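Below is one structure, written out as structure tokens, with a few remarks after it.
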Amino acid sequence: MVFLLPGVKFDFDLIQKYDTRAPRYTSYPPATELSETFTAQDFQRAITASNQRKTPLSLYFHIPFCQSACYFCGCNTVITNNKNIAIPYLEHLEQEIKNTSALIDKDRKVLQIHWGGGTPNYLEIDQVESLWKNITNNFQIAPDAEVSIEINPRYVNRDYILSLRDIGFNRISFGIQDFHPEVQKAVNRIQPESLLFEVMSWIKEAKFDSVNVDLIYGLPYQTLATFRETLHKTMALDADRIVVFNFAYVPWIKPVQKMIPQAALPGAEEKLDILKMTIEELTNNEYLFIGMDHFAKNNNELAIAQRHGTLKRNFQGYTTHAETELFGFGATSISMLEDAYAQNHKELKDYYQAVASGMIPTSKGIQLTQDDVIRRDVIMSIMSHFQLNKSDIEQKYQINFDNYFDDELQELAPLQADGLVNVLADKIHITDIGRLLIRNIAVLFDTHTRTRETKFSRSI
């Protein structure tokens, strides 16, 4: 699927009209809907139900530590140069793995593993190996499982990269954000071009199956011209996947973002021009536009999953195994089961206390209703495939789509008039323009958050 935007031009009135706030829909309901009324006991019951479904698993492990703060970051992190802090964390993480895995059917195979953060390579390589052995001792890992890790390229060397591959990681991801020195300085993420190319050379030498790099548009001092240069340098790295995130400026949630000079942020019109240029540059250079922010080469798993209709979104973004249920481990990690989501304690002291007591360290969560499940299918189809077949939803849930979503279909009419969507007899099809504003379309099917937009980042 080639995605180009020939001749597409937004007038500023239309940009202003849709420059609203909406969730990124890495889940539905979004994580903002998790509640402390959902307890560890509720999650344990959800695990029991999950075992009866016998679905395969995805596992996520959160390493929250970073040596310095990146001002753009929206992740849950602990900033410290004291590497000793990782010792008690790993002890409790390994205990959590043992406690929770004991509740999970041992016959369920793990198809995906991801280590995120924070900075997973904050750990010494012997700590990485120890944690990996703990995982493999407690779960049945499929021989062809996708095993990925995020790294900060400023804190690795060749031996570390080669060791990660030897341990068992076959996919790797690192953040570039922007090559421009002025932008890097403004967000406190200085990493010279030569460093990034050297790290990529080590990754290629180690023969990882897939390499993902991250960019962010909407950062201070970015312009259309400077970001085009960043794209050209990024493509020269020859990554298998490129993720281009829209910067979520939410200083009321992430106070570190107050360090960013707000006056230097590009406006909505320039951000949209940057996004359009990004899509055109990448799709003209052998990358497919997978979804809201992901691009992949034609032979990459994401592209294959989209062609086969198995692409889905979870808290890590787009992923390839629609059939898996996700278990998250570590402070602030989120588990996504078919009918329940649960998040671990954010603060280390609370996380440690729960794990030490033998409890599942759940701080909050949500039990999904049947309506939630139906709407999740609709929203994820829109987000992952840019279209929705009404009959698929009708057959799966035994409903009449037009009756069930009568209000939403009426609310789609103005978006159709603006050229964002085509509502047909049995299909909702997102147009090229609509793909740039996909969150604005998805939010119409969201009964949880659409009236509370101030919680979220802007959709443009």
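The values are calculated or read from the model by the stated rules, or taken from the named source; none is laboratory data. Just so it is clear, the model here is predicted, and its values are computed rather than measured. Positions of Cβ are backbone-derived with ideal geometry, glycine not excepted, and every protein chain shown enters the neighbour counts. We work out accessible area using only protein heavy atoms, side chains counted, and drop any ligands, DNA or RNA first. Shrake-Rupley method; radii C 1.70, N 1.55, O 1.52, S 1.80 Å.
Numbers for the structure displayed
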| read-out | value |
| --- | --- |
| Lysines with Cα under 16 Å of Lys396, excluding same-chain neighbours fewer than 8 positions away | Lys427 |
| In range of the label at Asn157: residues from segment 106-138 whose backbone nitrogen is under 13 Å from the point 7 Å along Cα→Cβ | 125 |
| Long-range amide H partners of Lys297 with built H, under 5 Å | Leu288 |
| Total charge dipole magnitude, segment 330-391, about the Cα centre, Cβ charges on Lys, Arg, Asp, Glu only, Debye to nearest 20 | 140 |
| Residue pairs, from the table Lys106/Lys133; Lys233/Lys271; Lys133/Lys297; Lys109/Lys312; Lys98/Lys133, whose Cα atoms sit over 21 Å apart | Lys133/Lys297 |
| Nitroxide proxy distance, nm - points 7 Å out along Cα→Cβ at Phe197 and Glu229 | 1.5 |
| Calculated FRET value between Ala322 and Ala263, using beta carbons and R₀ = 41 Å, to 0.05 | 0.45 |
| Which label in (i) 139; (ii) 163; (iii) 171 gives the computed volume of the Cα convex hull per residue in Å³ | (i) |
| For segment 223-368: rounded, prolate or oblate by the Cα gyration tensor [a/c cutoff 1.5] | oblate |
| The chain - accessible surface per residue (Å², probe 1.4 Å) | 40 |
| Within the chain, helix-based [θ] at 222 nm, where runs of 4 or more DSSP H residues each add -39,500 (n - 2.57), nearest 500 | -11500 deg cm²/dmol |
| Span from the segment 279-296 Cα centroid across to the segment 134-194 one, whole angstrom | 22 |
| Size of electric dipole in the chain: Cβ of Lys, Arg +1 and of Asp, Glu -1, about Cα centre, debye, nearest 20 | 580 |
| Cα centre as origin, Lys/Arg/Asp/Glu Cβ charges: segment 343-460 dipole, Debye | 620 |
| Per-pair calculated FRET efficiency, R0 = 51 Å: Thr20 and Gln140 via Cβ, rounded to 0.05 | 0.70 |
| Percent of beta bridges antiparallel (DSSP, the chain, rounded to nearest 5) | 40 |
| Positive-pole candidate from Ser210, Thr80, Thr26, dipole of the chain, charges at beta carbon | Thr80 |
| Carbon plus sulfur fraction of accessible area for the chain, probe 1.4 Å, in percent | 49 |
